[in-house]
Amino acid sequence: MHHPSHISPVVTPRPVTPRADGRIDLIGLPRAEIATHFAAAGLEPKQAKLRAKQVFHWVYHRGVTDFHAMTDIAKAQHDWFAQHFIIGRPEVVEAHVSTDGTRKWLLRSDDAQEYEMVFIPDADRGTLCVSSQVGCTLNCRFCYTGTMRLVRNLTPGEIVGQVMLARDALGEWPKGSMAGFGPATDEDDDEGGDYTADGRLLTNIVMMGMGEPLFNFDNVRDALKLVMDGDGLALSKRRITLSTSGVVPMMARAGAEIGVNLAVSLHAVRNEVRDEIVPLNRKYKLEELLQACADYPGANNARRITFEYVMLKDKNDSDDDARELVRLIRKYDLPAKVNLIPFNPWPGTAYECSEPARIRAFSEIVFNGGISAPVRTPRGRDIMAACGQLKSTSEKRTRAELDRLAEEKSASLMLGA
Ligand code: SAH
Ligand code: SF4
């Protein structure tokens, strides 16, 4: 199988690394693996299986982090579980709330790597923007994440842990058993918020935080399976969107094995321009990418593919570009909508955001072509919560380094290295 790891030399830590005290963190483990660990720690296989089912429900459905709260497990066993296992959460380094209600958390892993998640409340939904990697190997030229030096894949536990933590912070585990359990932060529970029809603030998940999710396929898949598990977090796949910059060979697998909504970071309609701003395009050209979109299982008019398009002044924002976008979507017969994202500038960037009038004109042309093309309102600007602006305090590369890196990346992609 063609695997993209040869252009993404990212080390994945073992999914289960016991803590210094020997205890194993259950977060990120599916039922069967929980059972295996219970058996390895000394339970009879049948007991292990039953307890795994119960613990799974407490952990992922109820949000419990203390074995002593698991009322259907014999009291005498609670200490035994607590001696061998923990139910952890990512460590919160910073938590911010924007004037518009957007929240951002800076998180730290056990090996002191930092990553972020963002919660964006809207009138009819609440979206959690989840990271899949620390940093990103892809170096898109307009993206702040691409400037980070360090890159490593997040584990399934670190990915699903973001969702668990958000539910903690929003106070959203099923009521009746949860009060007082789980880590709490200062801003917990003090605001009612606009509860949505199904009674929750967190209704949607987008894999649009730091990293390229399809370069961390297995961990993202395993984490999202936990998020979708009916006995766990139980979020519908229709409420989850995976965003990719165009890792063509992994797109069919994403559709088959995860089955969530697809968003594609298109950003340009001509190979010359896309080669520059999304260097991965040098490996997987626009035509291949659009064909992979056409082949994506489950895409139809009710479940359209989202094309993300960051508006860069004099780079990709002309009337001609808009018309070409319509032509391409029609040519490949794609059930698609377009999200126009005003570029979020960052220190040292080579680009500027298109003028508002230009963005409106672009949107109108696409819209008149029969394709929905809303302009995404920037959220959480005061707390640097916007896409590609995460981890503002981390180590960054200089502009000169970025230019050199882009050249190297382009050379290696051209060679298929
Ligand atoms: N790596 C994946 C998912 C994370 S990026 C991907 O590229 O699709 C999420 C979205 O934010 C992408 O569409 C990305 O292109 C966009 N983005 C990155 N930097 C941005 C910036 N400075 N301004 C606006 N959008 C940006
Ligand atoms: Fe990585 Fe996505 Fe940023 Fe590109 S836009 S560098 S793929 S996170």
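Laid out as a table, the results:
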read-out	value
Length-normalised contact order of region 333-379 in % [C-alpha pairs under 8 Å, at least 6 apart]	51
FRET efficiency, 1/(1 + (r/R0)^6) with R0 45 Å, evaluated for Thr99 and Asn271 via beta carbons	0.65
Cα gyration tensor, region 17-70 - rounded (a/c under 1.5), prolate or oblate	oblate
Stretchable slack from Arg330 to Arg125, in nm (0.36 nm times residue separation minus alpha-carbon distance)	70.8 nm
Cα-projected label distance for Ala69 with Asn301, points at 7 Å along beta-carbon direction, nm	4.7
For region 264-371: rounded, prolate or oblate by the Cα gyration tensor [a/c cutoff 1.5]	oblate
Protection-proxy order for peptides 40-47, 349-356, 282-289, each taking the mean of Cβ atoms within 10 Å per residue, highest first	282-289, 349-356, 40-47
Rounded FRET efficiency, nearest 0.05, which uses the C-beta distance separating Arg149 from His78 and R0 of 35 Å	0.20
Computed E for Gln291/Arg108 - FRET, C-beta separation, R0 45 angstrom, nearest 0.05	0.65
Prolate/oblate/rounded call for region 210-269, Cα gyration tensor, a/c under 1.5 rounded	prolate
Region 237-322, relative contact order [Cα under 8 Å, separation at least 6], %	35
Rounded Å value of the spacing that divides the Cα centres of region 89-150 and region 17-69	28
Solvent accessible area, Å² - Val163, 1.4 Å probe, full protein context	10
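The values are calculated or read from the model by the stated rules, or taken from the named source; none is laboratory data. These numbers were taken from a predicted model, which means no experiment stands behind them. Please note: Cβ atoms are built from the backbone with ideal geometry, for glycine as well, and neighbour counts cover all protein chains shown. Surface accessibility is based on the protein's heavy atoms, side chains included, excluding ligands, DNA and RNA. Shrake-Rupley method; radii C 1.70, N 1.55, O 1.52, S 1.80 Å.
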